[in-house]
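This report concerns only the one structure given below.
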Amino acid sequence: MFRLSKAAEYSIRGMLHLAMNSSEDKLCDIDEIAKATDTPPAYLAKLLQSLVRKGFVRSFKGQKGGFSLARHPKDISLLDVIEAMEGPIFLNYCLIYEGYCERDKNCPVHDVWGGAQKVLVNYLRGCTFEQLAIDAKEKQTALLR
């Protein structure tokens, strides 16, 4: 079964919270993000520091410190964050590189995996944190009605 690790899932939640609260002067502290995203604060802090090193998040120390996005949410895709935390997406080991699987030249299922992987990767590449933040705010508003 293809599934994301907890690290990727929590990273996505944290990034979405930052996208929903992105502005030039707004910083989010780790406790706020952890509470809003239902993630363990210590683990989330470690994940956000990893995203700082990878250029997605900025970190500011001190009493008024916190986290913010390093880039505009429209410039960060779901694929970017997944691959930052998990590495490249492969739906099956035969897609890792040509010849990795001795059957990739004559196996008809190899082509199916390859096509499905392209669709998934392209879809995730098109899902920006800007749009995800808009969608999340709309869902929150609908729940309040």
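Can you tell me which of ILE76, ILE82 is touching a Phe, Trp or Tyr at 6+ places or on another chain (Cβ under 6 Å) and under 30 Å from TRP113 (Cα atoms)?
Working: ILE82 fails: touching a Phe, Trp or Tyr at 6+ places or on another chain (Cβ under 6 Å).
None of the other options fit; the residue is ILE76.
Tell me which residues, restricted to segment 31-53, are of a type in the set (D, E, K, R) and exposed (fewer than 15 other Cβ atoms within 10 Å of the Cβ).
Answer for segment 31-53, where residues must be of a type in the set (D, E, K, R) and exposed (fewer than 15 other Cβ atoms within 10 Å of the Cβ): ASP31, LYS35, ASP38, LYS46, ARG53.
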Inset, instruction - Kindly indicate the residue of segment 60-102 that is without any contact (Cβ under 8 Å) to a residue 60 or more places away in the chain and part of a helix (DSSP H, G or I) and also farthest from GLN49 (Cα to Cα) among those meeting that condition. - result: CYS94
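In the set GLY87, GLY66, which member is out of contact with any helix residue (DSSP H, G or I) (no Cβ under 6 Å at 6 or more places or on another chain) and crowded, with 17+ Cβ neighbours inside 10 Å? Walk me through it before giving the result.
On the way: GLY87 fails: crowded, with 17+ Cβ neighbours inside 10 Å.
Matching residue, one of GLY87, GLY66: GLY66.
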Inset, instruction - Out of SER77, SER59, report the one residue that is of a type in the set (Ser, Thr, Tyr), under 14 Å from the mean Cα position of the chain (by Cα) and under 26 Å from ILE134 (Cα atoms). - result: SER77
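Throughout, read-outs are computed from the coordinates displayed, never taken from laboratory work. Note that the structure is a prediction, hence the values are computed from the model and not measured. For neighbour counting, all protein chains shown are included, and Cβ atoms are generated from backbone atoms with ideal geometry for every residue, glycine included.
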